[in-house]
Amino acid sequence: MNRFMMNQAQKLQEKLVKAQQELSKTTIEASSGGGAVKVTINGQRKIQSVKISPEVIDPDDVEMLEDLVLTAVSEAIAKSQELAAERLSGLTGGLKIPGLT
C-alpha cells in the first residue's frame, strides 16, 4: 500500500472514531403505551434509562408491561441504528462495514 492510501485510511479511521464518540454522547428516546414506558438509549445502542409510569404496573397483567418494555426498547434500538447508519454512511461512502452500523 502506498503512502497516500495509508494516509487516507488513517484519516478515515480518525473520522470514524470521532463519529463513534459523538454517537456515544447522543441520546435517543422511545416510548410505548402512549408514553407509559420510556427508554433512553445512546447512539451506540447502550440503554441509559427505563422509566415506567406507575399506572401501567398491574400485578395481574405483567405480560402487558413486559410487552410495553419490549416495544419501547426495540424502537429505541431501531432509532439508534438508523442514526448510526446515517452518521457513518457519509464517512464510509455507503459501504457496509461490519461493527460500525
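Considering region 39-69, the residues that are part of a strand (DSSP E or B) and aliphatic (A, V, I, L, M) include one that is farthest from ARG87 (Cα to Cα), namely ILE52. Look at (1) at pLDDT 95 or above; (2) in a helix (DSSP H, G or I); (3) of a type in the set (Gly, Ala, Ser); (4) surrounded by 14 or more Cβ atoms within 10 Å (Cβ to Cβ) and you find that SER74 fails only one, number (4). Among the residues making up region 22-38, those that are out of contact with any Ser or Thr (no Cβ under 7 Å at 6 or more places or on another chain) and either over 18 Å from GLN81 (Cα atoms) or part of a strand (DSSP E or B) (or both) are ALA30, SER31, GLY33, GLY34, GLY35. Report, by residue number, each residue of region 17-48 that is of a type in the set (A, V, I, L, M), buried (at least 16 other Cβ atoms within 10 Å of the Cβ) and either under 16 Å from the mean Cα position of the chain (by Cα) or on the phi > 0 side of the Ramachandran plot (or both). ALA19, LEU23, ILE28, ALA30, VAL39, ILE41 - these are the residues of region 17-48 that are of a type in the set (A, V, I, L, M), buried (at least 16 other Cβ atoms within 10 Å of the Cβ) and either under 16 Å from the mean Cα position of the chain (by Cα) or on the phi > 0 side of the Ramachandran plot (or both).
The values are calculated or read from the model by the stated rules, or taken from the named source; none is laboratory data. Bear in mind the structure is a predicted one, so any value in this text is a computation, not a measurement. When we count neighbours, we look across all protein chains shown, and the Cβ atoms used for this are built from the backbone with ideal geometry, even at glycine.
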